[in-house]
Each structure stands twice: as structure tokens, then as C-alpha cells.
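*Asks:* I have a structure here, written as C-alpha cells, and I will follow up with some questions on it.
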Amino acid sequence: MAYLLVGVSMREFRIAVLPGDGIGGEVMAPCLTLLESVASRSDEFRLRFETHEAGAQLYRRTGVALPDAALRAAEAADAVLLGAMGLPDVRYPDGTEIAPQLDLRERFGLYAGVRPIRVLPGAPTPLADPRAQRIDAVLVRESTEGLFAARTMTRREGEAAVFDTMRISRDTCERLFAFAFTLARRRRRAGRPGRVTCVDKANVLPAMAFFRQLFLESASRHPDIQADCAYVDAVGLRLVRAPWEFDVLVTENMFGDILSDVGAALMGGMGMAPSADIGDGHAVFQPCHGTAPDIAGRGVANPTAMFLSAAMMLDWLGDRHAVQGCHRAAAAIVGAVEAAYADGSLVTVENGGTADTAAVTARVMRGLERHMASPELPA
């Protein structure tokens, strides 16, 4: 059943697809099927996929992790959909893992790493408190600077010491905080509190004191949104004890890397956690999980995070290009995922159950049929 919209022109979006390593390709394949299904039913948009190899396996064969062709495709695309990249036993000469996803963030200035922390009704969570079903927050992680900037700013003193430099810049932080306050305002319209919490270590590190200073300056420009600050160690504790208290959290790169995994655990595991890395002109969408080489090839990877990342991509495309059909398609995917878990019977291998990649996909696809047929999907 297509959406019948008179006078609306069809828009084609080019999507650069980078399946990557390990389970990346295993969760990407059903995701593309899911996206093709929603796009084929819309009279407003189509998706054209262009797949490129990148990652650790390619590096092991060729010595190149992110080929020029893949980089050019990502730059020209309307969005990038990424599976997972890196393998523990494939490393650069300096000992670090192959991570083209970081190269993409830096190359395209993807400063806003968006990591939703939301428990789906019926999905498992390690918290026994019934309030855990109310967990619905978003962690916004600065994704181009912070301690990760040391990738290109390390100073080594032979075998005696290594110095990694944290970079916090006004320009990047101002864009990051503006993004966080805009997101909080949008969430408030959807019934959330509309509060932004700055997560830092301003009591110890001068760079973090500067980070907080810039946050408070930004908060003064958004007086309609609540703003507060908290130290990262205290936030770690509260994420375990009372995560339902948070709305939008904004933080430095390394802190965000750690806290987003805590959030994933609350959601039922890394296979449940989607993400987006967003800049002013480009965006990459991928599940938070890694390549999981221990289960690669077994068909048991949980594709849920990949599906939800694809929904985030459609929402972003809808916002950026004013295509309401993208929002309806995103809502259909989210609704199908929610329906798949709603009765509690879908328990993935990740959480000790028997639902493998094919089983999760089948359940979501059945839900998608119902949601795409609904005349009341949100605009």
C-alpha cells in the first residue's frame, strides 16, 4: 500500500553502505531489505544503495582501511549507513585498531554523536525497578575532539612515557551544545522534560572546566530549556541507580564512549542500541555494537540496533530535506520493532534466548506490514 500524495515529487536518496567487518554484514543485509520495503511503499522517496568495502579485513588484505572510492561515495551520498568495523587482531603499527568510522567522523566534522537510551516495552533490562520501563534519554557525545583527538596529537618520549592530548574547542562545543538544546526542545514537544545535562569533570581538568563554561554560555542562549551540570562519575552512578531521571545528556568524546555502553546495557545489550554521528552537512548511522568476531558467521547477531539506526537515518533525511514520507517510514520501522518485543516473547541470543538474526528480522518484518498499512502513522 503506497502513500497516495497528489502533487508530491519523488525524491531519490543516495545511501553509501559500508557493511564493514564481523557481524556488520550480517545485520546490514536484513536492514537493507527492511529499508527497501518501506521505501517501495512511499510515493515521496526512494533509496539507492551503493555498497563499498572498508574496515579491518580489507586492511589486512590490502593495507588500506578506507579506500578513496568509499570515501568519495560517503562524501557524495545523502547519508552513510555503516555496519561495524574493526577486529581485535588487526591493528595499525602503533597498536591501535582499524577504525574507519572515526576517520569518517573527523573527515566530515560529525561532531554530534547521538546515542538514544530507551528501553523498549517488553525488551529485557537488567534493572528490576518497574521505573526502568520509563527510560527514555539521549546521550549526545562530541565525536571529533576530546581525548580521541590524541589519535593525531600523541607525544611519545621513547619507551618512558606517552602523552595524549585532550582537545576542547569553542567552535565545536558551541555547535554541539546548540544541537543538544535543539534536540531537548524537540523532545519536549513530544512530551519529554526538555532538560540538558552537561556531563564533565570540571572539578579536576581545566579542559573540562572550559567545556562547562561553554555549556553555561550556550544555556544562557536557550533560557526556555532546563540546564544542569554533573560530574561524569556521578552520572555513571545515576545511570545505574536511576536512569529514568535523565533527558538529554551532552558530554566529551571519551566520556560519551563509555557512558553510551552503560546506556546500551540498560536497554538490553549492544544489539539494542542505535546511533548517529551528525555534522552540518553529513551523517553516518550505525549500531553502537562492534564487530563481535566471536559470533560472526553464526547468524545469531541481533539486528535491532541496525534497524533503529536506519530509522534514525530516515528521520534525519526527512528533517534535512522536508520529506514527510521519510518520517512516516521511520515511524513504521520503530513501531514494528516495538511490536516485535511488546509481548516479551522475543528474547535474543544476546540475552540468553533463542531468537537469532533471522527470527528477529521475521518478527519485525511482520510488524512492518501492519504499520505500513496504517493510515494513522505520524507525519
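Taken together, the values in this text are just the output of simple stated rules run on the coordinates, not laboratory data. Everything quoted here is computed from the prediction, not taken from an experiment. Cβ placement follows ideal geometry from the backbone for every residue including glycine, while neighbour counts extend to all protein chains displayed.
*Asks:* Using a simple charge model, +1 on the beta-carbon of Lys and Arg, -1 on the beta-carbon of Asp and Glu, nothing else, what dipole does the chain show about its Cα centre, in debye to the nearest 20? Please list the in-between numbers first.
*Replies:* Working: 40 positive and 46 negative charges, 158 e Å.
Using only the charged Cβ atoms, the result is roughly 760 debye.
*Asks:* Then there's this: Putting +1 on Lys and Arg Cβ atoms and -1 on Asp and Glu Cβ atoms, find which of Pro130, Thr96, Ala76 reaches farthest to the positive end of the dipole of the chain.
*Replies:* Pro130
*Asks:* Please work out the C-alpha center-to-center distance from region 198-241 to region 39-86 and express it in whole Å.
*Replies:* Between the Cα centre of region 198-241 and that of region 39-86, the gap is 35 Å.
*Asks:* I need the phi-derived Karplus couplings for region 169-182: 6.51 cos²θ - 1.76 cosθ + 1.60, θ = phi - 60°, integer Hz, Gly and Pro marked x.
*Replies:* Each residue of region 169-182 in turn: 10, 4, 4, 5, 5, 5, 5, 4, 5, 4, 4, 5, 5, 5 Hz.
*Asks:* What per residue convex hull volume, in Å³, do the alpha-carbon atoms of region 240-379 yield? Working shown, then result.
*Replies:* On the way: hull volume 20.3 nm³, N = 140.
Taking only Cα atoms, region 240-379 has a hull volume of 145 Å³ per residue.
*Asks:* Right, something else. With a cap of 14 neighbouring Cβ atoms within 10 Å, and only residues DSSP puts in a loop, list the GluC sites (Glu not before Pro) found in region 276-379. Show your work: numbers first, answer last.
*Replies:* Values: sites: Glu338, Glu350, Glu369, Glu376; in loops: Glu376.
For GluC sites (Glu not before Pro) across region 276-379 that sit outside H, G, I, E and B with at most 14 neighbouring Cβ atoms in 10 Å, the list reads Glu376.
*Asks:* Once the Cα gyration tensor of region 216-312 is diagonalised, what are the square roots of 5 times its eigenvalues, in whole Å and ordered largest first, as equivalent ellipsoid semi-axes? Mind showing how you got there, number by number?
*Replies:* Details: eigenvalues 164, 63, 26 Å².
So the equivalent ellipsoid measures 29, 18, 11 Å along its semi-axes.
*Asks:* Once Lys and Arg get +1 and Asp and Glu get -1 on their Cβ, which of Gly194, Leu87, Phe307 lies farthest toward the positive end of the dipole of the chain?
*Replies:* The listed residue farthest towards the positive side: Gly194.
*Asks:* Residue by residue, what Karplus-based ³J(HN,Hα) values in Hz, rounded to whole numbers, does region 305-315 have, using 6.51, -1.76 and 1.60 with θ = phi - 60° and x for Gly and Pro?
*Replies:* 4, 5, 4, 5, 5, 5, 5, 4, 4, 5, 4
*Asks:* Read phi for every residue in region 133-143 and hand back ³J(HN,Hα) as whole Hz from Karplus 6.51 cos²θ - 1.76 cosθ + 1.60, θ = phi - 60°, with x for Gly and Pro.
*Replies:* For region 133-143, the Karplus-derived couplings read 5, 9, 5, 7, 10, 9, 9, 9, 9, 5, 10 Hz, x marking Gly and Pro.
*Asks:* Any chance you could check the Cα centroid distance between region 288-302 and region 125-170 for me, in angstrom?
*Replies:* That distance is 24 Å.
*Asks:* Ignoring solvent entirely, what values of log10 I(q)/I(0) come out of the Debye formula for the chain at 0.07, 0.09, 0.11 Å⁻¹ when each Cα is a single scatterer?
*Replies:* -0.30, -0.51, -0.78
*Asks:* Follow-up question, since we're still on this one. At 0.36 nm per residue, minus the direct Cα-Cα distance, what do Ala128 and Ala160 gain on full extension? Give it in nm, one decimal, please. List each step's numbers first, then the result.
*Replies:* On the way: separation 32, 0.36 × 32 = 11.52 nm, distance 4.74 nm.
That pair, Ala128 and Ala160, stretches by 6.8 nm at full extension.
*Asks:* Of the GluC sites (Glu not before Pro) in region 26-114, which ones lie in a loop per DSSP and count no more than 15 other C-beta atoms within 10 Å? Please list the in-between numbers first.
*Replies:* Numbers: sites: Glu26, Glu36, Glu44, Glu50, Glu53, Glu75, Glu97, Glu106; in loops: Glu44, Glu53.
Passing sites in region 26-114 do not exist.
*Asks:* Between Glu50 and Gln213, 0.36 nm times their residue separation minus their Cα-Cα distance comes to what? Before the final figure, lay out the partial values.
*Replies:* Values: separation 163, 0.36 × 163 = 58.68 nm, distance 4.27 nm.
Gain on stretching Glu50 to Gln213: 54.4 nm.
*Asks:* Moving on. Contact order normalised by length for the chain, with contacts defined as Cα pairs under 8 Å and 6 or more residues apart; what percent is it?
*Replies:* Averaging sequence separation for qualifying contacts and normalising by length gives 20 percent for the chain.
*Asks:* Nearest 20 debye, what's the magnitude of the dipole of region 125-267 about its Cα centre given +1 on Lys and Arg Cβ and -1 on Asp and Glu Cβ?
*Replies:* Numbers: 21 positive and 19 negative charges, 120 e Å.
Roughly 580 debye, rounded to the nearest 20.
*Asks:* Sticking with this one: What is the ratio of the Cα radius of gyration of region 125-267 to 2.2 N^0.38 Å, where N is its residue count, to two decimals? Mind showing how you got there, number by number?
*Replies:* Details: Rg = 16.2 Å, N = 143, 2.2 N^0.38 = 14.5 Å.
Working it through for region 125-267, the quotient is 1.11.
*Asks:* Here is a further query. Between Asp233 and Met10, what is the label-point separation in nm under the 7 Å Cα-to-beta-carbon projection?
*Replies:* 5.9 nm
*Asks:* At 222 nm, what value in deg cm²/dmol follows for the chain if DSSP H runs of at least 4 each add -39500 (n - 2.57) and the sum is divided by all its residues, to the nearest 500? Display every interim value, and only then the final one.
*Replies:* Working: 11 runs with 154 residues, N = 379.
The per-residue figure over the chain is -13000 deg cm²/dmol.
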